[in-house]
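Report on the following structure.
A short reminder: the numbers here are calculations on the coordinates, not readings from a lab. Fair warning: this is a prediction, and the values are worked out from it, not measured in the lab. Virtual Cβ from ideal backbone geometry, glycine too; neighbours counted across all protein chains shown.
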Amino acid sequence: MKKYIYLISFALLGLTSCGSDYLETAPEDKMGTSTVLGTTGNAALSINGICKAMTNQYLSTQGLNGEGSILNWYGTFTGNDGQKCNQTGWAALWNSTYHLRKSSIYLYYPWFYYYKLVGNANGIICNIDNAEGTDAEKAFLKAQALTFRAYSFFRLSQLYSFRWKDTQGNTPGIALRLDQSTGDLALSTLAETYAQIYKDLDEAISLFKQSGMKRGNNSKIGAPEFYLPALDVAYAIYAKAALTREDWQTAANYAALAREGHPLMSESQYKSGFNKYNDEWIWGVYEGSEQTLYYYGFFAYIGSNSSASACRTYPVAISKELIDQIPETDTRRWLYLVPTDEEWAECNSAGRSTGKLYKRAFQEYGDRLYSTSLVYAYQQYKLMAEFMPGGGSFPIIRAAEMYYTEAEADCHLGKDAEAQQLLYDVTSKFDAAYEKSTKTGDALLTEVKLYRRFDLWGEGNDWFDYKRWGDTIVRKSIKDGGNFHTSFAVTIKPEDGNNWTWAIPEKESDYNDLIN
C-alpha cells in the first residue's frame, strides 16, 4: 500500500481537539469527515486548525515548529545577514549544504509541512460548496482555504524550484495536489505552479469580495484574528509571488492593495519585540501562553531575552557589513549591539565580549537579555519572546515588506520617482535625517534592497531574497572585516547547491512513481 507525504487527513491535522485553545477546533475522534465539513461552522473550525498547524512541533525534532522554523532555519540563519553566534555544530545547515541530501529531515521538513497545509486546504475547497450554511460563509471559507493553498505552493516553489530568471519557469518544480486524490502525480513546471498560484488567488480574492465578510475580533487574544487569511493576505501573497516570478507590474499593484489599512509601526512599536500584533501586521502566527511550544517555539531560537539555551548561549547577530551601511541617525539601529572600536577590539575571535561591551549590553539592554545570556558584538534586540522560554506571536507579512516590494518592482519598471518616494515613506519614519534618494536605475535598486534587508532583518526573508535576486552570499570573518564566525564565513554563489534548489525528498520520490 503506497503512502505519501501528502496523505495526511485533514481530520488528523486541522481538527484535533485543543480544549481551551485560542483556536477552537472540532474533535476528530468524535466526528467523521462528512460531519466535520457538513456545516460552515465546522469548516470554520478546520480553518482554525490550519492556523494552529502553523505553530506546532513536527517530526519529533527540536526546532521544526511550523512556520517559525521556515522563517528562522530556512530564511534567516541560512542567509547573508545574520548568524547564530558560535553555534558551529549547525554550520552545515546554516551554510546551505543540505539541498541535495534527499534523506535529510531538514530537506524533507518544508515538503512535509506545506503539503500538510495543502491537504487540509483541499479538504475544505473540495467539500465546502455542499456544506450547510450561508453562501457568504461558504465563499469566505473557500477563499481562506484557497489562500492557504496558494501560500503553500508559493513557499514550496521558493525552495524546491529553480529561480524564475534561471529558466523562465520551464523546469520541473513541485507536485500540484489540487484535490483529495492520493495517486502518483508528476511534478509541474514552475510556470505551471505560478499559474495555479495566480488562479487560486484570483478566485480567493473574488470570493472574499463576494462574501462581504471580514476577519473579526477574537476576545480570547484581545486582538483581531490576524492569524486568519483575509483579502489583504491574499493581496500580499500575490505580491510576494509576483515579485519572485519577476512579474513586476502585478507585484506593484498587489503590494499597494495589501498594505491599505496597515499603517507603518511607530518607533515604540518597532522596538517592542515583534511578539504581539499591531496594525502593521498583515498576517501572522499566534502563540499564546496557554499553548506555548516551550523550547521549540520561534523565539526560543531567535529571541534575545529567551531563557532557552539556544538563545542564551548562541544569540543571533546582524552582519557588521549590513549595519555599517545604515546611518547612525536611523533609530532602528539601536536594536543591535554595535560596538565602539575599543569594544570591538576587546572581543574574542568569535566576537564574544566579557568586558566593556558585555557591561554596556546589560546596562542599556538589560530588559532585552536573559540574566545568563552571553554577549556578542552586533547581537540583535529586535525580536524578543513575549513569555518564557520562547513564546509569542510573530508576523509573516507586514506592510513595510509591501513598500519594499512595490519599490523594487517600480525600479524594474523604470519608475524611479515612484520607487524613491516609497523608500522615503518607510525610511524617513525612523530616520528624520534621511533625504529622498536621487539615485536611479541599478543604484536605486541597490538602495531599496539594502533597506529591505535591514528593515526586514530576522523576519525570514534573507535567504529567499538572495535566491530570487541571484546574488552571491558573502559572509566575512572578523579578520576579513566582517563579524561572522569562521565556520559561517563562506561564499555561496548563485550556481552553487543546484542553484539553491532543494531536491525532492526521497520520502516522496520513493512512493510516487512519476517522480524520479
Within segment 399-498, how many lysine pairs that are 8 or more places apart, or on different chains, have C-alpha atoms less than 30 Å apart? 24
What 222 nm value per residue comes from the helices of the chain, counting each DSSP H run with n ≥ 4 as -39,500 (n - 2.57) and dividing by all residues, nearest 500 deg cm²/dmol? -12000 deg cm²/dmol
Taking a crude spin-label model, label points 7 Å out from Cα along the C-beta direction, the A195 to N217 distance in nm is 4.6 nm
Take the Cα coordinates of segment 272-387, assign each an equal point scatterer, and use the Debye formula without solvent to give log10 I(q)/I(0) at q = 0.20, 0.23 Å⁻¹. -1.11, -1.34
Partner lysines whose C-alpha sits under 23 Å from that of K199, ignoring same-chain residues fewer than 8 away, are K116, K138, K142, K165, K209, K214, K240
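Evaluate the chain: find the radius of gyration of its Cα atoms, find its Kirkwood radius, and give the ratio Rg to Rh. Show your work: numbers first, answer last.
Numbers: Rg = 22.2 Å, Rh = 23.4 Å.
Across the chain, the Cα-based Rg/Rh ratio is 0.95.
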Less than 12 Å apart at the alpha-carbon level, and either on another chain or at least 8 residues along: which aspartates and glutamates does that give for K320? D81, D480
D324 versus I105: modelled label distance in nm, points set 7 Å from Cα along the beta carbon direction: 3.9 nm
